[in-house]
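Encoded as structure tokens, the structure appears first; notes follow it.
Read-outs throughout are calculated quantities, based only on the coordinates presented, and are distinct from any laboratory measurement. Since the model is a prediction, treat every value here as computed from it, not as a measurement. Positions of Cβ are backbone-derived with ideal geometry, glycine not excepted, and every protein chain shown enters the neighbour counts.
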Amino acid sequence: MEFENLIYQIEGPRAVLTLNRPPRRNALSPGLVTDLIDGLRAADADPAVRLVLITGSGEKAFCAGGDLGGGMMADGVLAGHQGRAGFGELFRVLRRLGKPVVAKVQGDALGGGFGLMLGCDLVVAAEEARMGTPEIRLGLFPHVIMATIFRNIGRKAGLELILTGDKITAARALELGLINAVAPRAELDAATDALCARVERHSPAILRLGRQAFHTMSEMRFEESLDYLNAMLTVNTLAEDAMEGVGAFLQKRSPEWKGR
């Protein structure tokens, strides 16, 4: 597929979406946000794709955040407000996706780029990558991405990032539970491939069902979530892949997933 601001590639069972605005440090212009939404939907609709990988062009930045020079306000305040709503839609699409999403953070993930990273299910980052929400230094507040920040981190640590505008290292992000792994830049591809492969080997149908259940459950009260998850477990046990998985275990062989 061809996009203006995004490189879309299929690599085996994986759709790789590469933010491709290196002169702007892959900043999130309205065009890039639209391309990301369309790319994610295309990957979701492709039955051959088992996992989506998001990364950035160049070594300096995964994504430097919102494009302050991207003309968002050129058509007036109302148009700017409506344009920024597309950013919220990006997070809705990420959340509703039927496939796991992994971020390979090869450079800085700041502001909206930090939110995009946190919107992914799993994250592998280069040692040199820095992360944070520097908006406060510009007289702005990271309003939209707070929805992803505080679903990944506690109040005190999250507010420290937001209120100070400080950038943290990938190692610190790992300590805070914001990412899953850190690797030297030379080993980043291999580390990401290894993590993706560990996910891709499982049933795509059960991954879809479980991912949906996770996001739905996370917004429920505890008692309500138990009833919902019990119902989802019943649906899970009726899936063809669940029967195949149990049968393969009992027969001491590798399962052959049908995606059903």
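Quick notes on this structure:
- Least to most buried among Cys196, Cys120 (fewest other Cβ within 10 Å first): Cys120, Cys196
- Fewest-first sequence of Met220, Met117 by Cβ atoms within 10 Å of each Cβ: Met220, Met117
- Placing a label point 7 Å from the Cα of Thr234 along the Cα-to-Cβ direction, the residues of segment 185-222 with a backbone N closer than 17 Å are 213.
- Helix 155-164 and the longest principal axis of the C-alpha atoms of the chain enclose an angle of approximately 30°.
- When the alpha carbon gyration tensor of the chain is reduced to an equivalent ellipsoid, the three semi-axes, largest first, read 32, 21, 19 Å.
- Angle between the chain longest axis and helix 240-250 axis [Cα atoms, degrees, rounded to 10]: 60
- Mean separation of Cα contacts under 8 Å, 6 or more apart, over the residue count of segment 6-200: relative contact order %: 19
- Residues Lys104, Lys99, Lys156, sorted so that the one with the fewest Cβ neighbours within 10 Å comes first: Lys156, Lys99, Lys104
- Were the residues from Met243 through Met217 laid out at 0.36 nm apart, the gain over their Cα-Cα distance would be 6.9 nm.
- For segment 204-250, the fraction of alpha-carbon pairs lying more than 12 Å apart is 63 percent, rounded to a whole number.
- Counted charge near Arg96, where neighbours are those whose Cβ lies closer than 11 Å (Asp, Glu -1; Lys, Arg +1): +4
- Lys, Arg +1 and Asp, Glu -1 on Cβ, resulting dipole of the chain about Cα centre, debye, nearest 20: 300
- Angle between the chain longest axis and helix 188-200 axis [Cα atoms, degrees, rounded to 10]: 40
- The count of lysine pairs in the chain whose Cα atoms are under 24 Å apart, excluding pairs fewer than 8 places apart on the same chain, comes to 5.
- Magnitude of the charge dipole, segment 204-250, Cβ model with Lys/Arg +1 and Asp/Glu -1, debye to 20: 120
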